[in-house]
Number of protein chains: 2
Amino acid sequence: MEINPRRVLSTSTMVAPLAARLLAGERGAVARAIRLLDDGDPAGLALLKAIYPAAAAARVLGVTGAPGSGKSTLVDRLIGAYRARGEKVGVAAVDPSSPFTGGAILGDRIRMQRHAEDDGVFIRSLATRGHLGGLSASTLDVLTVLGAAGFPTLLLETVGVGQDEVEVNRVADTVVLVVAPGAGDSVQTLKAGVMEIAHVFVVNKMDQPGADQVAREIEQLLGFKDRGPGPAAAWTPPVVLAAAGDGRNIDQVVDAVDRHAAHLHATGEESRRRRDRARLAVHEAVRARLDADLAARLPDALDHAAARVAAGTSDPRSEADAIVMALLR
Amino acid sequence: MEINPRRVLSTSTMVAPLAARLLAGERGAVARAIRLLDDGDPAGLALLKAIYPAAAAARVLGVTGAPGSGKSTLVDRLIGAYRARGEKVGVAAVDPSSPFTGGAILGDRIRMQRHAEDDGVFIRSLATRGHLGGLSASTLDVLTVLGAAGFPTLLLETVGVGQDEVEVNRVADTVVLVVAPGAGDSVQTLKAGVMEIAHVFVVNKMDQPGADQVAREIEQLLGFKDRGPGPAAAWTPPVVLAAAGDGRNIDQVVDAVDRHAAHLHATGEESRRRRDRARLAVHEAVRARLDADLAARLPDALDHAAARVAAGTSDPRSEADAIVMALLR
């Protein structure tokens, strides 16, 4: 890959001042940084390197749940609650059905608008993900930018089905799982693995019939689960009945989240999770670098291999062996 | 990495007979092959290489939709329809809420049981996915095994939100999107990008109030969408009202799928999609090989890097640069 010295110079002269403005919490610098990352600008990567250590203090609160569970409304209420006690809040929403990412009806958009005018709130939607496993890479970058800019609490909203909810557990310090009564298969879904990743359960729409029943079912399931040995076993996820729509019991949700944060800190689980998160970030960065190297050094390799495989004269793993052999030497 | 010559010998002597039995459509060989792959046995990879070209003729039908849309019931009905015309059907279910993967209520399990006793049907659930982007790798392998064993139609059931539905579009020849009235935000979710990946829309539970309305809304949205230039633009996704529960209009769903297959073939889109699928498979295999090489050559690299990043003395991308540099030389 050719290196343009002019580009490198302009990158390095631009990054230091931008990093300084970002670390000072300047809103424009946050937007600028995210734009650089979106554009794949090399300055964005240089910036991330510079600001990364400053982001370590932020805690990430994952809020996940199926479409219709009301998790976006809960996120909205949580923003309000943290703002009410004077904390800045950053939000990254990775959910095609989220109001933050354009999937909302008009009313939601208008409701969210009040936060858009609050300098203490920065909302970033991540609706499109370009490649496989793309959640982590771009999401972690946005969280890094917001954390380095001094947002102590970062809300990460993801849809609670499929691959994403496994990733949110690796990225977040605390995971809130939002369930609503009447969603039919909500507790059924819980049984199949989503359960293990949640630290706080919120049964939303508590006024609707069946809410108490859903809460009881979750508590029963929690009773049966073996949550593994070690200090983490001491945490029993609370089940909180709430109504995000009219703001009922939001303080109880915030309290449960705070208690989990205190638990993480007291048990040393916090640093273990942070190390896991760092490992994930390094691994993602390695994969991204290797993909870039593959594209730069063997630009047609995948296409040629695909043609042979599609023609039935080869298979993906033999082709991969050849490509990796060529790449590693 | 050390190579055990005894292991290699036993692998090669075992793979050829197993491949022959698999290509002859032996059910036990299918189960054996999938077990080898699950166990990460080197024989599994050798087998995949041997059988890959034979899998090319199978067509993959993706069935996707939110939990509660009734897509598992539709899959059940589609199995019945293809069996009724004498075709063998392979099923891979990647959905934590699917009855195939253990998320079902008892009634569903019993209903599915009839296929378990049918030699012309092979159902494989992929409930747990071990790593990021894991959907494609293991799913493609299972589809390869089933295709090579002579199943002409492969149903791939995925939950229609998040990352997975983008992948199903890359893996499947035809994607059926199942929507149910009353799911509240179903059409809202469609707006946000799921729409583009579907070739056939099924509005399930047609007897429930609002089904016609949902069908109309989808047709309106389809009218507004620019589906891009080229031959693919000529395909207008049909919207089929059906009731999988009592089997109504399943023949219309099958007919729509057949028409899409004919369209793919007539326009050359079929070979383009197959090439894309091969490219994805090669890329996944390259990534898996590179991950394995990283683990074998630099076993502690990620852990050490993570410790430095978590301690705030480094950042993920600088660590990735160093790891890739060490790996590529």
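The values are calculated or read from the model by the stated rules, or taken from the named source; none is laboratory data. Just so it is clear, the model here is predicted, and its values are computed rather than measured. So basically every Cβ, Gly included, is an ideal-geometry build from the backbone, and we count neighbours across all protein chains shown.
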Can you find a residue in the stretch A:277-286 that is of a type outside the set (S, T, N, Q) and more than 20 Å from A:K49 (Cβ to Cβ)? no
Inspect all residues belonging to the stretch B:255-263 and state whether any of them is touching a Lys or Arg at 6+ places or on another chain (Cβ under 7 Å), farther than 30 Å from A:A281 by Cα and in contact (Cβ under 8 Å) with a residue 60 or more places away in the chain. yes
Given (1) over 24 Å from the mean Cα position of the chain (by Cα); (2) at pLDDT 90 or above, number of the condition A:N204 does not satisfy: (1)
Contact list, first residue from the stretch A:38-49 and under 13 Å from B:R317 (Cβ atoms), second anywhere and part of a loop (DSSP other than H, G, I, E, B) and modelled with pLDDT of 90 or more, beta-carbon distance below 7 Å, six or more apart or interchain, is A:L48/B:D315; A:K49/B:D315
Among (1) modelled with pLDDT of 55 or more; (2) farther than 28 Å from A:G65 by Cα; (3) more than 9 Å from chain A (Cβ to nearest Cβ); (4) outside any strand (DSSP E or B), where does B:P181 come up short? (2)
Checking A:S10 against (1) modelled with pLDDT under 80; (2) not in a helix (DSSP H, G or I), which test does it fail? (2)
Given the structure, is B:A307 modelled with pLDDT of 90 or more, within 14 Å of chain A (Cβ to nearest Cβ) and surrounded by 14 or more Cβ atoms within 10 Å (Cβ to Cβ)? yes
Under the condition of being surrounded by 15 or more Cβ atoms within 10 Å (Cβ to Cβ) and part of a helix (DSSP H, G or I), which residue from the stretch A:243-254 is farthest from the chain's Cα centre (by Cα)? A:Q252
Counting only residues that are closer than 30 Å to A:A54 by Cβ, of a type outside the set (D, E) and in a helix (DSSP H, G or I), how many does the stretch B:287-316 have? 11
For helices (runs of 4 or more DSSP H) lying entirely in the stretch A:22-94, having 2 or more residues that are within 17 Å of the chain's Cα centre (by Cα) and within 14 Å of chain B (Cβ to nearest Cβ) picks out A:71-84
Specify the residue that is modelled with the lowest pLDDT; the eligible residues are those in the stretch A:113-153 that are surrounded by 18 or more Cβ atoms within 10 Å (Cβ to Cβ), part of a loop (DSSP other than H, G, I, E, B) and over 11 Å from the mean Cα position of the chain (by Cα). A:L132
So A:R275, is it touching a residue at least 24 places away in the same chain (Cβ under 8 Å) and facing another protein chain (nearest Cβ under 7 Å): no
For the stretch A:63-75, does any single residue satisfy the condition of being among the hydrophobic types (A, V, I, L, M, F, W, C), at pLDDT 85 or above and farther than 24 Å from A:I197 by Cα? no
All-but-one check, B:E319 against (1) more than 19 Å from A:L48 (Cα to Cα); (2) more than 27 Å from the chain's Cα centre (by Cα), failing number (1)
Within the stretch B:289-304, restricting to residues that are within 22 Å of A:A306 (Cβ to Cβ) and surrounded by fewer than 20 Cβ atoms within 10 Å (Cβ to Cβ), the one that is nearest to the other protein chains (Cβ to nearest Cβ) is B:R289
The number of residues in the stretch A:257-278 that are crowded, with 20+ Cβ neighbours inside 10 Å and of a type in the set (A, V, I, L, M, F, W, C) is 3
Residue check for B:E157: away from chain A (no Cβ under 14 Å) and modelled with pLDDT of 70 or more: no
Leading residue by the ranking (nearest to B:L327 (Cα to Cα)) among those in the stretch A:310-326 that are within 7 Å of chain B (Cβ to nearest Cβ) and hydrophobic (A, V, I, L, M, F, W, C): A:V324
